[in-house]
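Below: the structure, in structure tokens.
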Amino acid sequence: MNDLTQPKKMNRILILFAHPALEKSRAHRVLLKSAEKLEGVTISDLYESYPEFDVDVSREQKQLLEHDIIVWQHPLYWYSGPALLKQWMDLVLEHGWAYGREGQALKGKRVFNAFSSGGGKNAYAASGMQGCTISEVLMPFQRTAELCKMAYLPPFWVPGTHRLDTQEINEYGRLYRKLLIALRDDYYSVKEIEPVDCLNDLFTKN
């Protein structure tokens, strides 16, 4: 880890937030609150912007080009993200722009999932209730990022949301804010991040 008092530069972070029922989510309300008003961080609420799923491709591509780190923030819905996030990927990540022989627009940008799940960590294991790991669940996101020549980072995960109390949720919010600041200010290199299972571990294991 780099010296936290000597950040190398400021990265611009775009949080693409997708939740069709934010009013019911204690966890994501706290995560969003923790990211609000952070310098260099843009929050884009996809369900607020596109209630009819009519994604403005040019606008979204322009936003991507203006940022260095992309965050797909969402709840885990049926082993994936909500429908609008998939719609966003289908339309915005165009062949010849985001991938393909001429698709170089996103090359080198970093991206990760910041997500919540009703199931706890123990459920996402080969021997757990889900019968698979969380990395396997997120593989479509990883392959999408890699196809677009982006660096896919480990996720920030809020597991077992149904059983978390207010204090525990607030702690996840604190860690999320700390993570965004660290990534914005380039405290960690990709090589330092790759060994951890979740970005949460950068702080909880120190």
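Values quoted throughout were computed directly from the atomic coordinates according to the rules given, and no laboratory measurement underlies them. Quick caveat, the model's predicted, so the values are computed rather than measured. Backbone-built Cβ (ideal geometry, glycine too); neighbour counts: all protein chains shown.
Assigning unit charges at the beta carbon (Lys, Arg +1; Asp, Glu -1) and nothing else, what dipole magnitude in debye, to the nearest 20, does the range 48-188 show about its Cα centre?
Working: 15 positive and 17 negative charges, 88 e Å.
Charge dipole, the range 48-188, about its Cα centre: 420 debye, nearest 20.
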(Q) I want the local charge near GLY120. Using Cβ-Cβ distances under 15 Å, sum +1 for each Lys or Arg and -1 for each Asp or Glu among the other residues. (A) -1
Q | Loop-located trypsin sites (Lys or Arg not before Pro) in the range 86-149 whose Cβ has at most 11 other Cβ within 10 Å (DSSP) | A | ARG101
Q. What nm distance separates the two modelled labels at ASP165 and GLU39, each placed 7 Å from Cα along Cα→Cβ?
A. 3.7 nm
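If I take R0 = 22 Å and measure r between the Cβ atoms of ARG12 and ASP90 in this structure, what FRET efficiency does the formula 1/(1 + (r/R0)^6) give, to the nearest 0.05?
After rounding to 0.05, the efficiency reads 0.35.
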Q: Considering Cα pairs under 8 angstrom that are at least six residues apart, work out the relative contact order of the range 69-130 and quote it in whole percent.
A: 43 percent
Q. What's the FRET efficiency of TYR77 with THR204 using the Cβ-Cβ distance as r and R₀ = 22 Å, to the nearest 0.05?
A. 0.30
Q: Provide the net charge surrounding ASP68, with neighbours chosen by a C-beta distance below 11 Å and charges set as Lys +1, Arg +1, Asp -1, Glu -1.
A: +3
(Q) Give the residue list of GluC sites (Glu not before Pro) in the range 38-121 that are DSSP loop and have at most 12 other beta-carbon atoms within 10 angstrom. (A) GLU39, GLU52, GLU66, GLU102
(Q) With unit charges on the beta carbons (Lys and Arg positive, Asp and Glu negative) and the dipole taken about the Cα centre of the range 13-204, which residue among LEU93, ALA151, CYS198 sits farthest to the positive side? (A) CYS198
Q.
Using the basic label-point model (7 angstrom from Cα toward the beta carbon), what is the GLU146 to ASP186 distance in nanometres?
A. 2.7 nm
(Q) For log10 I(q)/I(0) by the Debye sum over Cα atoms at q = 0.10, 0.12, 0.18, 0.19 Å⁻¹, one of [x] -0.41, -0.60, -1.45, -1.61; [y] -0.42, -0.60, -1.22, -1.33; [z] -0.37, -0.55, -1.31, -1.48 was computed from the structure I shared and the rest are decoys. Which label? (A) [x]
Q. Mind checking which of LEU46, LEU22, LEU31 has the largest fluctuation in a GNM of the chain, springs on alpha carbons under 10 Å?
A. LEU22
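Please report, in debye to the nearest 20, how large the charge dipole of the range 2-98 is about its Cα centre when each Lys and Arg carries +1 at its beta carbon and each Asp and Glu carries -1 there.
Details: 11 positive and 14 negative charges, 87 e Å.
Here the range 2-98 has a charge dipole of around 420 debye.
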Q) Let a ≥ b ≥ c be the square roots of the eigenvalues of the Cα gyration tensor of the range 1-107; is it rounded (a/c under 1.5), or, if not, prolate (a/b larger than b/c) or oblate? A) oblate
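What does the charge count near ASN170 come to, summing +1 for each Lys or Arg and -1 for each Asp or Glu among other residues with Cβ under 12 Å from its Cβ?
Values: positive: ARG26, ARG29, LYS33, ARG174, ARG177; negative: ASP165, GLU168, GLU171.
Neighbour charge sum, excluding ASN170 itself: +2.
Using Cα-Cα distances under 8 Å and only pairs 6 or more residues apart, what relative contact order does the chain have, in percent?
Details: 320 pairs, mean separation 55.7, N = 206.
This gives 27 percent for the chain.
Pop the C-beta distance of ASP197 and ASP56 into the FRET formula with R0 = 25 Å and round what comes out to the nearest 0.05. Please report the intermediate quantities before stating the final value.
Working: r = 35 Å, r/R0 = 1.41.
In this case the efficiency is close to 0.10.
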Q | Cβ-based charge dipole, the chain, positive-most Cα from GLY160, PHE53, PRO82 | A | GLY160
